[in-house]
């Protein structure tokens, strides 16, 4: 049996740019040793956005030495980075960005989501790279919902989407540097 070390949560939010109202559910400075290799988990939404022609999100900013994993539940997010990669992810899709030796990227509501307005809900997880891989080449993986295996859990306990790693003989589509 595993020991429960605490319950972490946050009811105070903040904005990332002008498009992502988030609550940080855990952060490395608070729980680093217990959560390694995970650095941070932000939960955005659900938030309603009216129709607009303005770009809502966060402009170009740097990352280095870790990976960001963004999962969209509702709405659409457009990503563009300094390697020339990018795209739009929607409900059920995952964006796995390896910052590695350094990357500049931006994230905004997609043009179609901004035009129509609606609910945005998503999470972003930061995963630390092992020390020997922190200078790896930056990379981007767009993983669409239909690529992700969904397994029924025992005794009707729910379902698990296998995004990364291996579970019960099923392999997630994401290429990862940490187990």
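Going by the structure shown, is residue 27 surrounded by 16 or more Cβ atoms within 10 Å (Cβ to Cβ), more than 20 Å from residue 88 (Cβ to Cβ), at pLDDT below 95 and in contact with a strand residue (DSSP E or B) (Cβ under 9 Å, 6 or more places away or on another chain)?
Yes; evaluated as a whole, the condition is true for this residue.
Among the strands (runs of 3 or more DSSP E) lying completely within the range 71-179, list those that include at least 3 residues that are under 27 Å from residue 54 (Cβ atoms). Break it down stepwise before answering.
Working: elements: 77-81, 86-89, 94-98, 103-109, 118-128, 139-143, 150-152, 159-161.
In the range 71-179, 77-81, 86-89, 94-98, 103-109, 118-128 are the strands (runs of 3 or more DSSP E) which contain 3 or more residues that are under 27 Å from residue 54 (Cβ atoms).
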Which listed residue is within 23 Å of residue 37 (Cβ to Cβ), under 17 Å from the mean Cα position of the chain (by Cα), surrounded by 13 or more Cβ atoms within 10 Å (Cβ to Cβ) and in contact (Cβ under 8 Å) with a residue 24 or more places away in the chain, from 91, 173: 173
When every residue in the range 135-159 that is within 19 Å of the chain's Cα centre (by Cα) and buried (at least 16 other Cβ atoms within 10 Å of the Cβ) is compared, the one farthest from residue 28 (Cα to Cα) is 148
Answer yes if at least one residue in the range 36-54 is surrounded by 12 or more Cβ atoms within 10 Å (Cβ to Cβ), at pLDDT 95 or above and either touching a helix residue (DSSP H, G or I) at 6+ places or on another chain (Cβ under 7 Å) or part of a loop (DSSP other than H, G, I, E, B) (or both), and no otherwise. yes
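Regarding residue 118, is this residue under 16 Å from the mean Cα position of the chain (by Cα), at pLDDT 95 or above and surrounded by 15 or more Cβ atoms within 10 Å (Cβ to Cβ)? Working first, answer last.
Values: under 16 Å from the mean Cα position of the chain (by Cα): no; at pLDDT 95 or above: yes; surrounded by 15 or more Cβ atoms within 10 Å (Cβ to Cβ): yes.
Answer is no for this residue.
In this structure, does residue 148 turn out to be in contact (Cβ under 8 Å) with a residue 24 or more places away in the chain and more than 22 Å from residue 22 (Cβ to Cβ)?
Working: in contact (Cβ under 8 Å) with a residue 24 or more places away in the chain: yes; more than 22 Å from residue 22 (Cβ to Cβ): yes.
Criteria met by residue 148.
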The condition of being under 13 Å from the mean Cα position of the chain (by Cα) and in a strand (DSSP E or B) holds, among 58, 22, only for 22
Just one of the numbered conditions (1) surrounded by 21 or more Cβ atoms within 10 Å (Cβ to Cβ); (2) free of Cβ contacts under 8 Å to residues at least 60 places away in the same chain is not true of residue 109; which one? (2)
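The values are calculated or read from the model by the stated rules, or taken from the named source; none is laboratory data. Computed from a predicted structure; not experimentally measured. Reconstructed Cβ throughout: ideal geometry from the backbone, glycine too, with neighbour counts over all protein chains shown.
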